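Written below as structure tokens is the structure these notes are about.
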Amino acid sequence: MLATLDSVDEIRKEKGEREIRLYLEVERGEWLLPRAVWLLQEKLNAYASFVLDGRMREMYPFAEPKDVRIVVRSRGQPPRDALELVGLVRQALEKDGIGLDLEQLQ
């Protein structure tokens, strides 16, 4: 949910795996908001801060940034600006070992 900037929508870690997935949910109608791309940017910043500022380690003491993948789950087609933003953020996060994916759901 783009509107909830101060929280992670979902955290998932499968038993026996090291990777932690942080899911950012974008509902179909949210892409129609005038500030949707700005909200996505703010939410991605919050997720990166959660990982890099140590709050994630409070929940998962073993976790390193390289163990994290942020997944933007989009219901509906994201606008071009959002796709470009995800690409830029992906490049920036790779420097810290964090993965970023975009999943488009129907």
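The values are calculated or read from the model by the stated rules, or taken from the named source; none is laboratory data. This structure is a prediction, so every number in the text was calculated from the model and none was measured. We place every Cβ from the backbone using ideal geometry, glycine too, and count neighbours over all the protein chains shown. For the accessible areas, the whole protein counts, side chains as well, though only heavy atoms, and no ligand, DNA or RNA atoms are used. Shrake-Rupley method; radii C 1.70, N 1.55, O 1.52, S 1.80 Å.
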Return yes or no: is GLU25 under 13 Å from the mean Cα position of the chain (by Cα), of a type outside the set (Lys, Arg) and open to solvent by 20 Å² or more (accessible area, probe 1.4 Å)?
yes
Tally, over the range 29-50, of residues that are farther than 17 Å from GLN77 by Cβ, among the charged types (D, E, K, R), open to solvent by 20 Å² or more (accessible area, probe 1.4 Å) and under 16 Å from the mean Cα position of the chain (by Cα):
1
Look through ARG69, ARG73 and report the one residue that is over 12 Å from ILE20 (Cα atoms), part of a strand (DSSP E or B) and open to solvent by 10 Å² or more (accessible area, probe 1.4 Å).
ARG73
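Quick grid of which residues meet (1) at pLDDT 95 or above; (2) part of a strand (DSSP E or B); (3) closer than 19 Å to ASP6 by Cβ:
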position: GLU30; (1), (2), (3): no, no, yes
position: PHE62; (1), (2), (3): no, no, no
position: PRO78; (1), (2), (3): no, no, no
position: GLY87; (1), (2), (3): yes, no, no
position: GLN91; (1), (2), (3): yes, no, no
position: GLN104; (1), (2), (3): no, yes, no
